[in-house]
Amino acid sequence: MDQFLTALNGLIWSKALIALCLGAGLWFSFRTRFMQVRGFIEMTRLTFTGHSSDAGVSSFQALALSMSGRIGIGNIAGVATAIAFGGPGAVFWMWVMGFLGASTSFVECCLAQIYKEKDNQGKYRGGPAYYIEKGLGLKWYAWVFALATIIATGFLMPGVQANAIADSASNFCNSAAFCPDLSGQWRGMDAEFAFKLGIGIVVGLMLALIIFGGLKRIAQVAEVVVPFIAIGYILTAVTIMALNIEFLPTMFRIIFESAFGIHAGFGAILGLAIEWGVKRGIYANEAGQGTGPHAAAAAEVSHPAKQGYVQAWAIYFDTMLICTSTAFIVLATGMYNVVTPDGVMLQEALPGVAAGAGFVQAGIDAVLPGWGNGFVAVALFFFAFTTIMAYYYMAETNLTYVNGHKVRPLATLALRLGIVAMTIYGTVRTAEMAWTLGDIGVGLMAWLNIVAILLLQKPALLALRDYERQKKLGLDPTFDPDALGIRNADFWRGRT
């Protein structure tokens, strides 16, 4: 089974998907006339405006909800892994993916708003399954995406986040004098296994308390926790850079030389730098993956382009600030290894340390001794926990879709219990298997969604031009799909 899943993961994450993601981002950048540059001030303004309603959340709450899904272990362990296998140049290609991905995020999230609906409880619902059915008229395709997303976000991907929480807690406990010894047995059970299982149960109970409260509670928790931990993480990175400021010019030189294959040590792995940079960039910021549109559809706005702008800004924040913070912690301190697929070590500052969060822990410890394990454990907990919350909302939205746009209590209860169980199970299974299953889930969603938005880009482009036209007239833009020739946007009719 392990071999089959590894082979399937390799097939899904072939160079074709890498090319598709980069190509789509470049195409949408040209088609939107680089709205991620022209509209930067507008996207920043819209992020902190708007209000919630009985049916939907505010723009900022929708941003926080989508950011809780985007900011996960990929921003810490994923970035470090990209450096380990792609060299420092992978960071540059992450930046490229973030820049291009902002336009992709605009298109998919604008589409989610255009084709959103209300469920039988009066709440906004939307996402790829909704715009695939209503925009493309391909219900079977919409069902494939919905089912794939329920499986991926409800059962495969939570384990990756939960596994990281348990591993980081275990690493911290092993380094802390006040923790029990995890190397022996506890009541006939492996002590480390028992410790991780206990962590899983606690995390599972906390998750249940939040997701059983529905979208409003998830959004309220996200809007408080996500900004707090994100800003704390960025400030830590800034502190480390300030204390290593003499190394910053060298760090930037290595990143750019490695990215273009001219670095003496890392130039030979240019292809791997691009592959790992794009792959982990997609995993971290989720542009084009189809996760962000679920939160975007829940926002209360007067025009779909508003959430398109806000979610484009989310990609910048995720990639340019959070991912870059991790990269700078690792590279500015020199605490990383780089290994080729053949096992040749091009850089080995941390013998015996596996690629991932250990690099970040070592980087922090190099500047702030004794802080690394504890800080990374706390950051990973909040990043991963809020991501699992967001995964639940995505799974629930797609479950509502397959149930005929209705919230069915028994099905929802089964999903809630299922994701709690998979979270607990994820803490005790191997990290390698957790990552493989998570990568399969992310890859499947990305393939299905990017193909869909390439076929369905016109309504989003029309909405962007309409928004810009109304802004030039000094108006607060409102949306009339009939005036733009957009069909099946039933929610918006009569709202102008």
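The values are calculated or read from the model by the stated rules, or taken from the named source; none is laboratory data. Model, not experiment: these values are computed from the prediction. Note: ideal-geometry Cβ built from the backbone for every residue, glycine included; neighbour counts use all protein chains shown.
Enumerate the helices (runs of 4 or more DSSP H) found wholly within segment 250-341, keeping only those where 1 or more residues are more than 24 Å from A379 (Cα to Cα). Walk me through it before giving the result.
Numbers: elements: 270-285, 292-297, 304-316, 324-333.
Answer list for segment 250-341: 270-285, 292-297, 304-316.
If you scan segment 39-62, which residues turn out to be modelled with pLDDT of 85 or more and either out of contact with any helix residue (DSSP H, G or I) (no Cβ under 9 Å at 6 or more places or on another chain) or of a type in the set (A, V, I, L, M, F, W, C) (or both)?
The answer is F40, I41, M43, L46.
Could you count how many residues in segment 441-491 are buried (at least 20 other Cβ atoms within 10 Å of the Cβ) and touching a helix residue (DSSP H, G or I) at 6+ places or on another chain (Cβ under 7 Å)?
The total comes to 23.
In segment 216-235, is there at least one residue being under 29 Å from I18 (Cα atoms), modelled with pLDDT of 80 or more and among the hydroxyl-bearing types (S, T, Y)?
Yes, the conditions are met somewhere in segment 216-235.
Would you be able to tell me the number of residues in segment 348-374 that are hydrophobic (A, V, I, L, M, F, W, C) and surrounded by fewer than 21 Cβ atoms within 10 Å (Cβ to Cβ)?
9
Exactly one of (1) out of contact with any helix residue (DSSP H, G or I) (no Cβ under 7 Å at 6 or more places or on another chain); (2) in a loop (DSSP other than H, G, I, E, B) is unmet by V428. Its number?
(1) is the only condition that V428 fails.
I'm trying to understand the selection: among the residues of segment 73-96, which are in contact with a Ser or Thr (Cβ under 7 Å, 6 or more places away or on another chain) and in a helix (DSSP H, G or I)?
Within segment 73-96, N75, V79, A80, G89, M94, W95 meet the criteria.
List the residue pairs whose Cβ atoms are under 8 Å apart, where the first residue sits in segment 273-287 and is without any contact (Cβ under 8 Å) to a residue 24 or more places away in the chain and under 15 Å from S105 (Cβ atoms), the second is among the aliphatic types (A, V, I, L, M) and assigned to a helix (DSSP H, G or I), and the two are 6 or more positions apart or on different chains.
Note: no pairs meet the criteria.
Name the single residue that is farthest from L399 (Cα to Cα) among those in segment 111-153 being of a type in the set (G, A, S) and crowded, with 24+ Cβ neighbours inside 10 Å. Reasoning before the result, please.
As a first pass, look at segment 111-153 and keep what is of a type in the set (G, A, S): 112, 122, 126-127, 129, 135, 137, 142, 146, 148, 152.
With the extra rule that they be crowded, with 24+ Cβ neighbours inside 10 Å, the set shrinks to 112, 126-127, 129, 135, 142, 146, 152.
Working: A112: 16, G126: 11, G127: 12, A129: 10, G135: 19, A142: 12, A146: 7, A152: 12 Å.
Among those that are of a type in the set (G, A, S) and crowded, with 24+ Cβ neighbours inside 10 Å, it is G135.
Kindly indicate whether any position in segment 234-257 is small (G, A, S) and over 21 Å from V360 (Cβ atoms).
No, segment 234-257 has no match at all.
State whether the residues of segment 379-397 include one that is surrounded by fewer than 23 Cβ atoms within 10 Å (Cβ to Cβ) and of a type in the set (A, V, I, L, M).
no
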